[in-house]
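One structure is given below, encoded as structure tokens.
The values are calculated or read from the model by the stated rules, or taken from the named source; none is laboratory data. If you're wondering where the values come from, they're calculated on a predicted model, not measured in any experiment. We place every Cβ from the backbone using ideal geometry, glycine too, and count neighbours over all the protein chains shown. We work out accessible area using only protein heavy atoms, side chains counted, and drop any ligands, DNA or RNA first. Shrake-Rupley method; radii C 1.70, N 1.55, O 1.52, S 1.80 Å.
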Amino acid sequence: PDGVVVLPAPQNLSIQSANMKHLLTWSPVIMPGETVFYSVEYQGEYESLYTSHIWIPSSWCSPTKGPECDVTDDITATVPYNLRVRATLGSQTSAWSTLEHPFNRNSTVLTPPRMEVTKDGLHLVIELEDLGPHFEFLVVYWREEPGAKEHVKVMTGGLPVHLETMEPGAMYCVKAEALVKAIGKHSAFNQAECVEVQGESLPL
Amino acid sequence: EFRFGPCRVENVILLELWEAFRAVKDSVQTQDNITSVRLLKPEVLHDVSDAESCYLVHSLLKFYLNTVFKNYHNKRVEFKILKSISTLANNFIVITSKLRPCVKNDMLSIYKSAHRRFLLFKRAFKQLDTEAALTKAFGEVDILLTWMEKFYHY
């Protein structure tokens, strides 16, 4: 129609997922001097198979200003999800743009966890970052000596945990990996950290 | 993971299902006016053997996917119910896709026993008006999850 600017649909949709946080991004629709809003909707495998006309508004981005949307709270099963975005300017809405490939949370990248290994007197203490409810951590620790025996513990993050009561003069090392049962995957181990307790080691 | 007898299912977090249902439990259950009827009655779920459980959960979840959730969308539902159904239904798809109920002859009697239980549920559902049956079945997801939890290993 004459002179009416048709609002273009958002382009270049893509999703980045790390440690079970899923961020949908797209190229902003530029309308000089105007504020464009966006709406995001999703559809799981169930909706696309059984009720394909059903799309569900995203929890946090219907509408939103920025050209991105955290869809973590919308992706609540380990199945493929379709995601789509459209632009809105006043009464005008663009066509929908749909993510080219459905997203499954089992493709998230799991990074080696950050951890802090400390000693509290003779106590070996570890604290792992809190990555949210999906995460557990497999912690491996040992006393640095020939033929060392590795000990294993599974724990959650966010709180300091006592691992071992150490002997003076001995060095103890710790490493950890992240486990996510919802997708049946784990991260690589992080870099081992060692601590040593001063003083004479007790005679054997 | 779930262990329904010989059937194992991983990658489903039962807590996510409970959270999805609890978000809508009150609003769904208050719409259920027929308090004298229960679809998932004791005869359906009590004393289910491990061997039966794989058959029964497969039938029940398929019914919820094909009938309850599918038709619930035809009702004017609020946003949070849409989200709750989506979480439950998509996880039910994960579960049913991993269940492989055994079809050998020596399992026939166990299959029949599980099927009788399922038919009790289905008949009760069919005896109600469709709208009422959908509301009641959705409202009884907590009964279903409570039973499924017996087979869940943390």
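When the residues A:74, B:50 are ordered by accessible surface, computed with a 1.4 Å probe over the protein chains alone, the sequence from largest down reads B:50, A:74.
Could you please report the charge total around residue A:194, scoring K, R as +1 and D, E as -1 over all other residues with beta-carbon less than 14 angstrom from its beta-carbon?
-4
D by Stokes-Einstein for chain A, Kirkwood Rh over Cα pairs, 20 °C, 1.002 mPa s: 105 µm²/s. Across peptide B:80-87, the mean count of Cβ atoms from other chains lying within 10 Å of each residue's own Cβ comes to 5.
Any idea of the total accessible area buried by the A-B contact, 1.4 Å probe, rounded to 100 Å²? For A against B, buried area totals roughly 1900 Å². Based on Cα contacts under 8 Å between residues 6+ apart, the stretch B:7-154 shows a relative contact order of 49 percent.
The HN-Hα couplings worked out from phi for the stretch A:62-70 by the Karplus form 6.51 cos²θ - 1.76 cosθ + 1.60 (θ = phi - 60°) are 9, x, 8, 8, x, x, 7, 8, 7 Hz, whole numbers, x standing for Gly and Pro. For the peptides B:29-41, A:75-87, A:108-120, residues were scored by their other Cβ atoms within 10 Å and the scores averaged per peptide; the highest-first order is A:75-87, A:108-120, B:29-41. Shielding value for A:42-52 is 5, the average number of Cβ atoms from other chains within 10 Å of each residue's Cβ. Our compactness index for the protein assembly as shown, the C-alpha radius of gyration over the empirical 2.2 N^0.38 Å, is 1.25.
Legend: residue pairs B:80/B:126; B:25/B:70; A:181/B:98; B:70/B:122; A:21/B:83, Cα-Cα distance threshold 23 Å; pairs beyond threshold, B:80/B:126.
Based on DSSP H segments of at least four residues, each scored -39500 (n - 2.57), chain A has a per-residue ellipticity at 222 nm of -500 deg cm²/dmol. In percent, rounded to a whole number, the relative contact order of chain A is 18, using alpha-carbon pairs under 8 Å and six or more apart.
For the stretch B:105-125 and the stretch A:148-204, what is the centre-to-centre distance using only Cα atoms, to the nearest Å? Here the two parts' Cα centres lie 51 Å apart. Ordering A:68, A:129, A:100 by accessible surface, largest first, gives A:100, A:68, A:129; the 1.4 Å probe counts only protein heavy atoms, with every chain in place.
The candidates A:65, B:122, arranged from most to least accessible area with a 1.4 Å probe in the full protein assembly, appear as A:65, B:122.
Comparing the chain by itself with all protein chains present, which residues of the stretch B:93-115 are at least 30 Å² less accessible (probe 1.4 Å)? Residues passing the criterion (a loss of at least 30 Å², heavy atoms only) are B:93, B:94. Shape summary: chain B maps onto an equivalent ellipsoid whose semi-axes, from the alpha-carbon gyration tensor, are 25, 18, 13 Å in decreasing order.
Here the 3J(HN,Hα) profile of the stretch A:84-93, calculated from phi with Karplus coefficients 6.51, -1.76 and 1.60 at θ = phi - 60°, is 9, 9, 9, 9, 9, 9, x, 8, 8, 10 Hz, Gly and Pro shown as x.
Taking only protein heavy atoms into account and a 1.4 Å probe, give the accessible area per residue of the stretch A:1-75 in Å².
50 Å²
Considering only B:45, B:65, B:128, the mean-square fluctuation computed in a Gaussian network model of chain B, springs between alpha carbons under 10 angstrom, is largest for B:128. Split the accessible area of the protein assembly as shown by element, probe 1.4 Å, and carbon with sulfur accounts for 53%. Only helical runs count toward this figure. For chain B, summing -39,500 (n - 2.57) over DSSP H runs of n ≥ 4 and dividing by all residues gives -18000 deg cm²/dmol at 222 nm.
In sequence order, the stretch A:134-143 has phi-based couplings of 6, 9, 10, 10, 8, 10, 10, 9, 7, 8 Hz under the Karplus curve 6.51 cos²θ - 1.76 cosθ + 1.60, θ = phi - 60°, and Gly or Pro positions carry x. Note on chain A: with a GNM built from Cα contacts shorter than 10 Å, the maximum mean-square fluctuation among A:22, A:162, A:53 falls on A:53. Counts of other chain beta carbons within 10 angstrom of each beta carbon in peptide A:71-81 average 5. Within the listed set A:43, A:11, A:92, the residue fluctuating most in the Gaussian network model of chain A (springs between alpha-carbon atoms under 10 angstrom) is A:92.
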